[in-house]
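The values are calculated or read from the model by the stated rules, or taken from the named source; none is laboratory data. Keep in mind that what you see is a predicted model, and the values were worked out from it rather than measured. Here the Cβ positions follow ideal geometry from the backbone for every residue, glycine too, while neighbour counts run over all protein chains shown.
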Amino acid sequence: MKILFVPMELPLPANSGGRIDVWRRLRMLKGAGHELALLSWHNLARDGAVAQAIWDELGATCRSHHVAWIRRTPGENIRRMAYLPRWPSHVAARWVTLRRPEALAWARAFAPDVLVLDGLYGVAAVRWLAAELAVPWVYRSHNVEHVYMGQQQARATGWASRLGLAANRIGLQRTENRAVRDAACVYDISPTDAEHWRRQGNARVHWLPAVVDDGFERELQAAARHAPAWDVVYFGNLNTPNNVEAVNWFVNRVLPLLPQPDLRVAVAGSRPSAQVLRLAARDVRITLLVDPPSVAAIAGAARLLVNPVQSGSGVNLKSVEMLFSAARLVSTRAGVQGLPADAQACFDVHDDAATFAQAITAALAAPSTSAPDAQRVAARAPYAPAAAAQWLGASLRRVVDGVPR
């Protein structure tokens, strides 16, 4: 098939859970023989110019790509605010920055069989394109977005961040409900969230797990063949409010209960906030690894992986990736939410700082192993790309053919 993907931002560099999820899905479908195009946005004001290496990598996976630029100019911001009675701020930003005649001509030249809205915020563009091209569209849900954004706003610290999140919550639940209702099919990252939508009468909602590609698993295994470089590792983006809160809780509440002076702790991830920089400097046992070239190499070199997040929706992709490690795993309940029960059982789960620290101490005292147990191997099965590609391709074909889902 010819599939046009519309994520809310360029999926490269793949340095956050959302971007990684989109990029792996694109590569998975490319490997299965489908022809792909990508319509996305890039925040020039925040992220700067796109490196040539990213264009090259996109071109190797997608036959064609079209990028709209978010510049945050005064005129753009005014147009964005004018749409707030109709759409949340993030949806409006993507609508007002899309040069629609150019985008439509580009999409017509590709002539897709189906559109995939990958994440909510390109929904206005997808609805419009689907109508213009007379093709069906489906929705890949990464979270129950209105719940997730409420959690992020509650945890944001700066006034600008809180204000921006508040603007995005205007009409967000209404917009999300309509997307789930109107899409030809909905693919949810979490079986728990999929059931949430089905209880509301949306029968065309199915669980589509995030995938972990073979390259990530190979890097984990290669690193695990050497002596562990780290006792404890936390990885993820280091700027969203829930992840900043996780680092704060771990550094201020858990680490003081671990008195070992030689404990080797790595905090690895992208775009650390000022607060994360201060937190990492607070304890000499912490090494902050900023924008590492390979998170898998770091995670694979750990005796223990932790996920101390305090909130979230959907699935924490880092917890899925942790399943593919041979390291021992400790998490909060929020860190494993949305995972099937057999996957959750692979983690030592604690919400109290004292018991979280005790679990770390016990895990580090246990013998190290370079091979995962049978339970963890079985829990990985749904996240293998080959099976996911076959199922998703067959499902999209039924959508294109008009077969009821």
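Would you call Gly338 on the phi > 0 side of the Ramachandran plot and in contact with a helix residue (DSSP H, G or I) (Cβ under 7 Å, 6 or more places away or on another chain)? Steps first, please.
Details: on the phi > 0 side of the Ramachandran plot: yes; in contact with a helix residue (DSSP H, G or I) (Cβ under 7 Å, 6 or more places away or on another chain): yes.
Taking the combined requirement at face value, the residue satisfies it.
Within the range 334-367, restricting attention to residues that are small (Gly, Ala, Ser), in contact with a strand residue (DSSP E or B) (Cβ under 9 Å, 6 or more places away or on another chain) and farther than 29 Å from Pro191 by Cβ, which residue is surrounded by the most Cβ atoms within 10 Å (Cβ to Cβ)?
Among residues in the range 334-367 that are small (Gly, Ala, Ser), in contact with a strand residue (DSSP E or B) (Cβ under 9 Å, 6 or more places away or on another chain) and farther than 29 Å from Pro191 by Cβ, the one surrounded by the most Cβ atoms within 10 Å (Cβ to Cβ) is Ala362.
Quickly run through the range 48-73 and pick out the residues that are among the hydrophobic types (A, V, I, L, M, F, W, C) and more than 30 Å from Ala160 (Cβ to Cβ).
Of all residues in the range 48-73, those among the hydrophobic types (A, V, I, L, M, F, W, C) come to 49-51, 53-55, 58, 60, 62, 67-70.
Matches in the range 48-73: Ala53, Trp55, Leu58, Ala60, Cys62.
Given (1) modelled with pLDDT under 95; (2) buried (at least 21 other Cβ atoms within 10 Å of the Cβ); (3) small (Gly, Ala, Ser), identify the lone condition not met by Ala246.
Checking Ala246 against (1) modelled with pLDDT under 95; (2) buried (at least 21 other Cβ atoms within 10 Å of the Cβ); (3) small (Gly, Ala, Ser), the one that fails is (1).
Since Ser161 meets every condition but one in (1) buried (at least 20 other Cβ atoms within 10 Å of the Cβ); (2) assigned to a helix (DSSP H, G or I), which condition does it not meet?
So Ser161 meets the others, but not (1).
Output the number of the condition that Asp283 fails; it satisfies all remaining conditions of (1) under 18 Å from the mean Cα position of the chain (by Cα); (2) surrounded by fewer than 19 Cβ atoms within 10 Å (Cβ to Cβ); (3) acidic (Asp, Glu).
Among (1) under 18 Å from the mean Cα position of the chain (by Cα); (2) surrounded by fewer than 19 Cβ atoms within 10 Å (Cβ to Cβ); (3) acidic (Asp, Glu), Asp283 violates only (1).
Could you check, for the range 294-316, whether at least one of its residues is part of a loop (DSSP other than H, G, I, E, B), surrounded by fewer than 16 Cβ atoms within 10 Å (Cβ to Cβ), in contact (Cβ under 8 Å) with a residue 40 or more places away in the chain and not aromatic (Phe, Trp, Tyr)?
Initially, the range 294-316 is screened for residues part of a loop (DSSP other than H, G, I, E, B), giving 294, 301, 308-316.
Next, from what is left, pick out any that are surrounded by fewer than 16 Cβ atoms within 10 Å (Cβ to Cβ): 294.
Next, only the ones that are in contact (Cβ under 8 Å) with a residue 40 or more places away in the chain stay: 294.
If we keep only those that are not aromatic (Phe, Trp, Tyr) as well, we get 294.
Yes; the residues of the range 294-316 include at least one that is part of a loop (DSSP other than H, G, I, E, B), surrounded by fewer than 16 Cβ atoms within 10 Å (Cβ to Cβ), in contact (Cβ under 8 Å) with a residue 40 or more places away in the chain and not aromatic (Phe, Trp, Tyr).
Can you tell me which residue is surrounded by the most Cβ atoms within 10 Å (Cβ to Cβ) among those in the range 368-395 that are in contact with an Asp or Glu (Cβ under 8 Å, 6 or more places away or on another chain) and touching a residue at least 40 places away in the same chain (Cβ under 8 Å)?
Just the residues of the range 368-395 that are in contact with an Asp or Glu (Cβ under 8 Å, 6 or more places away or on another chain), to begin with: 375, 378-379, 385.
The next check asks that each one be touching a residue at least 40 places away in the same chain (Cβ under 8 Å); those that pass are 379, 385.
Numbers: Ala379: 23, Pro385: 20.
Going through the qualifying residues, I end up with Ala379.
Could you pull out the residue among Val336, Val330 that is of a type in the set (Val, Ile, Thr), in contact with a Leu (Cβ under 7 Å, 6 or more places away or on another chain) and without any contact (Cβ under 8 Å) to a residue 60 or more places away in the chain? Break it down stepwise before answering.
On the way: Val336 fails: in contact with a Leu (Cβ under 7 Å, 6 or more places away or on another chain).
Testing whether each residue is of a type in the set (Val, Ile, Thr), in contact with a Leu (Cβ under 7 Å, 6 or more places away or on another chain) and without any contact (Cβ under 8 Å) to a residue 60 or more places away in the chain leaves just Val330.
Tell me, which residue of the range 22-45 that is within 14 Å of Arg140 (Cβ to Cβ) and in contact with an Asp or Glu (Cβ under 8 Å, 6 or more places away or on another chain) is surrounded by the fewest Cβ atoms within 10 Å (Cβ to Cβ)?
Applying the filter and picking the extreme gives Met28.
Give the number of residues within the range 219-276 that are in a helix (DSSP H, G or I), without any contact (Cβ under 8 Å) to a residue 40 or more places away in the chain and small (Gly, Ala, Ser).
Residues in the range 219-276 being in a helix (DSSP H, G or I), without any contact (Cβ under 8 Å) to a residue 40 or more places away in the chain and small (Gly, Ala, Ser): 1 in total.
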